Amino acid sequence: MGEPKAGLDLGGRTLLERAVAVARAAGLEPVVVAKARSALPAVDAERWPEPDAPRHPLTGIVAALARAGPNGIVALACDTPLLPAPLLVALAARDALTLVRTPDGRLHPLPGRYPQAAAAPLAEALAAGAPLQRTLLDLGAEILDEPDADALLNVNRPEDLARARERA
């Protein structure tokens, strides 16, 4: 993309601002988990640092679980700017480790529900460099179906951002 995704503009708000807003709309208390050196736009949310290494999707999740309370977390990425608040509400209401599946059958670990009971096995998987999705399935993650494929549109390329702008 040529610039940090968190600061990309979509409808007058950065992707990070949109993530914080949807978490709040779902009744959640947003926390930004990122590497200490990450240049992020200012948002009204606490920031928790994640280790610089390893570079793995589990790094932020494990770091958040280490600081979260006994109920665990609902984790989301700022580069999925079309997430509906009701999806986050549904994830927060679950007790089990949960992934989201879109109509095309793709599984998404972010957003996802990560209970505190998953903290130790996820930390072990991170230390082993295990793939995130395989790890979650091996741990018996439940699947929550999201009927709107665009709800989990991931902004990785300029054309993804253009599509998100059309939908927003």
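Considering Pro86, Pro103, Pro81, which residue is modelled with pLDDT of 95 or more, open to solvent by 70 Å² or more (accessible area, probe 1.4 Å) and not charged (D, E, K, R)?
Values: Pro103 fails: modelled with pLDDT of 95 or more; Pro81 fails: open to solvent by 70 Å² or more (accessible area, probe 1.4 Å).
One residue alone meets the criteria, Pro86.
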Checking Gly112 against (1) outside any helix (DSSP H, G or I); (2) small (Gly, Ala, Ser); (3) open to solvent by 60 Å² or more (accessible area, probe 1.4 Å), only one condition comes out false. Which one? (3)
Residue within segment 158-166 that is modelled with pLDDT of 95 or more, closer than 27 Å to Ala36 by Cα, part of a helix (DSSP H, G or I) and of a type outside the set (A, V, I, L, M) present: no
So, in segment 151-164, of the ones that are surrounded by fewer than 14 Cβ atoms within 10 Å (Cβ to Cβ) and touching a residue at least 12 places away in the same chain (Cβ under 8 Å), which residue ends up nearest to Ala93 (Cα to Cα)? Asn156
Qualifying position, being open to solvent by less than 60 Å² (accessible area, probe 1.4 Å) and farther than 20 Å from Ala92 by Cβ, among Gly140, Gly129: Gly129
Applying the selection to segment 19-63, what residues are small (Gly, Ala, Ser), within 19 Å of Pro131 (Cβ to Cβ) and surrounded by 15 or more Cβ atoms within 10 Å (Cβ to Cβ)? Gly60, Ala63
Output yes when any residue across segment 93-108 is of a type in the set (A, V, I, L, M) and in contact with a Phe, Trp or Tyr (Cβ under 7 Å, 6 or more places away or on another chain), and no when none is. yes
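The values are calculated or read from the model by the stated rules, or taken from the named source; none is laboratory data. Note that the structure is a prediction, hence the values are computed from the model and not measured. Note: ideal-geometry Cβ built from the backbone for every residue, glycine included; neighbour counts use all protein chains shown. The accessibility values were calculated without ligands, DNA or RNA, using every heavy atom of the protein model including side chains. Shrake-Rupley method; radii C 1.70, N 1.55, O 1.52, S 1.80 Å.
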